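Step one of this worksheet: look at the structure below.
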Amino acid sequence: LDEGIIQENETDVRRHRRYLTMAMEAVVFFSNFGTVVIYSRVIADSIPPVLTNFFGLHGVWVSEWLWLVFPSTIFFALSCVRNMEELKFTSIIGFATIFYVVVAVVVRYFTNISDPISPPHEGGVDTIRWFDVRVTMFSTLATYALAFGYHFNVPYFYCELKDRRPIVMMETVKVAFPIITVLYASTGILGYLTFGALVADSHAAGNIVSNYADDDVFVNIGRLGLFFHFATVYPILSVCARRGLHRFICLFFAKAPSAEEEKLTRFEPAPGDPSTTRMTSIIMEALVIVTGSTLIAAFVPGIGVVVELIGTLSGFPSVIIIPAYIGTKIFDDRIKCMEGLPNKLLRRSSHVCFWLGNILLVCGIVSFILERLNIN
């Protein structure tokens, strides 16, 4: 009887683990998919003004549909790579171009002091609000959650290290994080100090470079560079989205392994491993992701909408709800076999985080709806 109970518990644990893995893969897919939608939208918004002011082009050459469809062909080709190692040289181009945009934001902040910038839309530069509490602040929290949620892509990168050790991965993090922090902080703080609340005006739609004049040559070079940036960075996230989608499909249709089968196959490639994925599957999944992101980008009013929606629906679950739920299961089991204050505190903390995440999820959805209705 005891053996039967133990076996039944092990079956429940494996089933739970499978469902949670599927949930995380779905969340990782949607967060990455939402980001590639953003990339497509930014190119469609940024390139037409550059072509008009630099080259005097008009008509079909500066149409939104052209700059949604044409880049998608490049995105598709690069999204069909099997391993992200093949994108290392294009990634250097992506970093260099976005670095230029950050420099442009910093330079324009200092030139704005002596020669104030008038955004290409009515209202001028808005006042700086150092503290502002509104219902829509939950959308901001969703944005933070989305940003933290991208960390779940790290296992995909880690699996491609030649020397696959956590300490080696941490060496790359030590170099990358300070650089990324400085670039993001510089863009966010100085961009806001330049334009105030208008940095999120409906005209800009969440795109900082849209706040600058269309005939600003210095910024237009950055706008042109954004095309190369997103053309080279888009495949990185689309590959992550593709792998998340593939793993979800494999887990959904695969039969749950028994304990004996898990032991026999633990050293074999996991479902959805790039080394065992057929090229036909890679092409079909890349086609679905690129086509879907392009179509959605054509109809969304701006990237801010996508950030808020994806941040709410995938950011909160990936950063708070699912990890907290896993914590409740772990510490509930520990309490049964090992009493102690630390375990009880961790168990209660997990339960609090789980319900807090659900509350934030509901508040984020309500905030998103109210913001669309212009209710603050």
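Remark: region 45-110 carries 53 Å² of accessible area per residue (probe radius 1.4 Å; ligands, DNA and RNA excluded). Excluding ligands, DNA and RNA, the accessible surface per residue across region 164-203 is 64 Å² with a 1.4 Å probe.
Sorting 159-166, 208-215 by their mean Cβ neighbour count within 10 Å, with the most densely packed peptide first, gives 208-215, 159-166. With a Förster radius of 41 Å applied to the beta-carbon distance between Glu160 and Asn53, the computed FRET efficiency rounds to 0.50.
Per 0.36 nm of contour for each residue apart, how much would the distance between Val217 and Ser91 grow if the chain were fully extended, relative to their Cα-Cα spacing? Computed gain between Val217 and Ser91 is 42.9 nm.
Label positions at Leu295 and Ile359, each projected 7 Å from the Cα along the C-beta direction, are separated by 4.0 nm.
May I ask you to rank Tyr150, Tyr184, Tyr156, Tyr144 by accessible area, largest first, using a 1.4 Å probe over the protein chains only? Walk me through the numbers on the way to the answer.
Numbers: Tyr150 60, Tyr184 170, Tyr156 25, Tyr144 135 Å².
I get Tyr184, Tyr144, Tyr150, Tyr156, largest accessible area first.
The values are calculated or read from the model by the stated rules, or taken from the named source; none is laboratory data. Since the structure is predicted, the reported quantities are computational estimates derived from the model, not experimental observations. Ideal geometry is used to build each Cβ from the backbone, glycine not excepted, and the neighbour counts take in all protein chains shown. Surface accessibility is based on the protein's heavy atoms, side chains included, excluding ligands, DNA and RNA. Shrake-Rupley method; radii C 1.70, N 1.55, O 1.52, S 1.80 Å.
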